[in-house]
Structure formats: structure tokens, C-alpha cells
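Visitor: Sharing a structure, written as C-alpha cells. Questions coming.
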Amino acid sequence: MDYDFAILDFSDESDEAVARRRGWIGAVLRGFRDPRPEDELIDRWVRHYRTDEVIVRGAWLPEGELGAGPMPVATYASLDKTLNAGRGLLPLRMITDVTTSAAHRRRGLLRRMIEDDLDDAVAKGIPIAALTASEATIYGRWGFGPATFRHGVAVDTTTGFAFRSFTDPGRVELLEPADAWPHVKGVFDTFHARQRGSVAWPAPYEDMHTGAFDFSGSGSHRKIRTALHLDDGRVDGFAIFKHEEKDTVKVDEMAALTPQAQLGLWSFLASLDRVKTVTFNIAHPDDPLMWALSDLNRVKTTELEEFLWLRVLDVPRALEARPWAADGTVVLEVDDPQGHAAGRFAVTTRDGVAAVARTDDEATVRVAAETLGSLYLGNVPVPQLRRAGRVDGADDDVRRFAAMADLREPAYNLTGF
């Protein structure tokens, strides 16, 4: 069957374009098993996509086929923001809203759209692409590897919850979510500029964090609350949370600019009346809470799964944008069926900075593009991937590469898309 592949213009107000974008949004929701869209959801979706200048792709059945019409059988969208690579913010192609109708799987629809989009990113000089995947077995074939992980925790805040010695030097204030938004955004922007692995927020985050709209239901999100941490009158952390059943508080988002602000927010959440458990499913891997408590067993890990997937498109530019742990030289060979990252690269690191250039010299370390994506932020150690058979080279060369590439401080990302 010859599908009709097209890029939608979400600014087009013609009757046909309006019908197609409504159909496209409906197809995305169908793909994620969500209810059919209401008008307010469509209006906000369109506004967010226009703000972020999203590229909207789809595949439609040809005219005359049963099922042809404004709703596509496959959807795909992408936008450009930034990734904190460790030595600055790097342009990032973010991929989202990828679905294929259950009746049209394994027809090459995703392949066509993702390869066209990656080609477009390369043509625009974007060195890396990213997505947050709902299935772990799909995207490796296009060079994506998991690079940050979602660490879920449940904290027992019943009687006896106590810190060893922490006293908050600041204070916490509750604000209505809409009033708190400028402070939340200010903290996040500072956090994003500091935190290796962080991805910039797309436009829907304002609606999510102000409670203006509940994307998991309809209308405003009336359950969320926002706590701000202040030190010397300056906001240096926030927690966005909601009360749930069984005396539980679920934290949707939390970020702090200092360890004291992080512990101050946990202390506030633990002090809430009639709350026995506080959960957060994107906890920082270096969150100090467990080691600050008298009883470290009050913090339980509830999940650990991949979160941010990365795909390197421009090897020299990407590797030069991240920090390095030791001085050294390797010739890195990347196997990339799509060709974007393929080749051999001389990587020389000194004082935490790399110089990377293409070379014809014999490779000393070899990886696939998918593995390079996982290695990029330093969260997945080279020796672990070596033991898994995913890093090839002589032992001394791989050890040298590990000393150069593996980083002590973990990368961390709060942003899902």
C-alpha cells in the first residue's frame, strides 16, 4: 500500500488542515490508549506546538481506501530545545508523540518518519537527538541508547521520621501553582544550566505546573500544590505534589539548587498532616535524603528504569561538549547503519576537555551508535558495557577509554516528552 506521508502545518487554519490536525491528535491519543480529545485539549495542544515550532509528521491511508480520512495511521513529532551536555547547552532534537495504528504495524511507517527527521536534524546542524520511550526494544535500531534512568522512591514519613542533624537554614512557603510558576521556572532554568543531562522544558510544562490543564483528564488540574523553598529570601527549590489515597503524597516534580534546599523540601513533605508515605518517581541519584535520616531504611527504591534515550548525530561536536575524567587518547570507531555517527575518531582529552577529529588510523575502541548514546552522559560505565559485549577493543585500550569517559557525578534529567 502507498501511504500518504506529510508534514502538517499547525498554523494552517483551512478546513482541511484543521480536520487533519484534529485527526492527528486523535490518532496520538488512540495510540497511547487515552480518551478521544475534547476541544480544550486540542486548543492547548495546537498552541503548545506553535510555541515550540514542532515538526508534525504523519502517514495517512490513500484516498479511496477503507479507513482513509483526516486521522493518520502513524504519527510522529519533533522539536528543538537544549541538552546540558556538561560543558554547556547543546542543541537537541526531541522526538515525541510516536504512534502506529495496531492495524498498520511493521509496514516501515516509523522507519520512514524517524529517518527523515534525523536527516533533517543533521541538515540543520543539530548534533544529538533524544526521546523518552514507552518501550525499550524499539529505538536501538536507530542508534538511540538509554542514557539517564528514572529512580522511584517511597519515603516512610510515619512517627519516628527524623534527620540525624539537619536543621533547615531556610523555610518553605506554599503558593498557588499559578502564582508559584515564575519561581518554579526560574529555579528550573538555573537547574537546567547547572545539571548535566538536563533537557529544557517544552511549552506544556507551564500548563502542567500551574494546574491550568490536566492532561490526564480534562479541565484544570485542581489537586496539585506547590511548595517553594527559600533561603535568605531567595527561592532555591520547589516541589509540586498532590495528595492521593492511603495517606500518600505523590511528588510530580522537585528540583533544588542546594542540598539544604533538597532536604528542606523533604522535611516539609514529611511533616504534612495525615501523610504516611511520600513518593517521587524521578528522584536525583545523589539525593542526600537517605543518608541524612536517622533510619535510612525509610527510603525504599520502588523502580529503576530507563528514561532519557540519546542518539549522537555529530560525534566530534557531541563529544567535545561533554566533560572528561582523565587525560588520554583513543581512536573510537562507531558503527552506525544510518551513517550519521559512522567512522573513526581520534579522541584526545586533557584537563577535562576533548579534541575530536575524524581519522583513518586503526581503531582501538569500537562501539555501535546505540552504545555511544548510552555512554554519552557517563551514567552507564564503560566496563559494564564491555562485560555485556558492547564495547570492543584490547583490555588496556578499553580501560584507558573508561578512565577518560566515566564520570563521577551522575547525569540527571527531570523532563519527559
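The values are calculated or read from the model by the stated rules, or taken from the named source; none is laboratory data. On a predicted model such as this, the values are computed, not experimentally measured, just so you know. Ideal geometry is used to build each Cβ from the backbone, glycine not excepted, and the neighbour counts take in all protein chains shown. To get the accessible areas, we keep the full protein, side chains included, count just its heavy atoms, and leave off ligands, DNA and RNA. Shrake-Rupley method; radii C 1.70, N 1.55, O 1.52, S 1.80 Å.
Visitor: What pairs in Lys81/Lys250; Lys185/Lys246; Lys246/Lys276 have C-alpha atoms more than 20 Å from each other? Provide the component values of the computation, followed by the final result.
Guide: Working: Lys81/Lys250 28 Å; Lys185/Lys246 31 Å; Lys246/Lys276 8 Å.
Checking Cα-Cα distances, Lys81/Lys250; Lys185/Lys246 exceed 20 Å.
Visitor: Moving to a separate point now. Where the accessible area of the range 344-389 is counted over protein heavy atoms with a 1.4 Å probe, how much of it, in %, is carbon and sulfur?
Guide: Working: 960 of 2160 Å².
The computed percentage sits at 44.
Visitor: Then there's this: Tell me, what ³J(HN,Hα) does each residue in the range 46-54 have, in order and in whole Hz, if you take phi through Karplus 6.51 cos²θ - 1.76 cosθ + 1.60 with θ = phi - 60° and put x for Gly and Pro?
Guide: Whole-Hz 3J(HN,Hα) from phi for the range 46-54: 4, 5, 5, 5, 5, 4, 8, 6, 6.
Visitor: Quick check on packing: order 221-234, 383-396 by the mean number of other C-beta atoms within 10 Å, highest mean leading.
Guide: Top to bottom by mean Cβ count within 10 Å: 221-234, 383-396.
Visitor: Sorted by average packing, counted as other Cβ atoms within 10 angstrom per residue and highest first, what order do 200-208, 7-15 take?
Guide: 200-208, 7-15
Visitor: Follow-up. What percent does the relative contact order of the range 235-284 come to when contacts are Cα pairs within less than 8 Å and at least six residues apart?
Guide: Once divided by the residue count of the range 235-284, the mean separation gives 39 percent.
Visitor: Would you please classify the overall shape of the range 198-315 from the alpha carbon gyration tensor, given that a ≥ b ≥ c denote the square roots of the eigenvalues, rounded means a/c under 1.5, and beyond that prolate means a/b larger than b/c while oblate covers the rest?
Guide: Judged from the Cα gyration tensor, the range 198-315 comes out rounded (a/c under 1.5).
Visitor: Could you order the peptides 287-298, 119-130, 30-41 from most to least packed, using the average number of other C-beta atoms within 10 Å per residue?
Guide: 119-130, 287-298, 30-41
Visitor: Taking the DSSP beta bridges in the chain as the whole, what percent of them are antiparallel, to the nearest 5? Intermediate values should be presented prior to the final figure.
Guide: Working: 75 of 87 bridges.
Counting only bridges with both partners in the chain, antiparallel ones make up about 85 percent.
Visitor: Compute the Cα gyration tensor for the chain, then decide on rounded, prolate or oblate, letting a ≥ b ≥ c be the square roots of its eigenvalues: rounded whenever a/c is under 1.5, prolate when a/b is larger than b/c in the other cases, and oblate in all that remain.
Guide: Since a/c reaches 1.5 but b/c is at least a/b, the shape of the chain is classed as oblate.
Visitor: Another question, if that's okay. If you roll a 1.4 Å probe over the range 151-306 with all protein chains in place, what percent of the accessible area is carbon or sulfur?
Guide: 47
Visitor: Now for a different question. Kindly provide the helix-only [θ] at 222 nm of the chain, computed as the sum of -39,500 (n - 2.57) over DSSP H runs of four or more divided by all residues, to the nearest 500 deg cm²/dmol?
Guide: Theoretical 222 nm ellipticity from helices: -8500 deg cm²/dmol.
Visitor: While we're looking at this one, here's another question. Hey, what's the chain come to in accessible area per residue, 1.4 Å probe, Å²? Numbers along the way, then the final one.
Guide: Values: 19560 Å² over 417 residues.
I get 47 Å² per residue for this part.
Visitor: Would you mind calculating the relative contact order of the chain from Cα pairs under 8 angstrom and at least 6 residues apart, reporting the percent as a whole number?
Guide: 18
Visitor: Among DSSP bridges having both ends in the range 330-397, what percentage is antiparallel? Round to the nearest 5.
Guide: Within the range 330-397, antiparallel bridges account for around 75 percent of the total.
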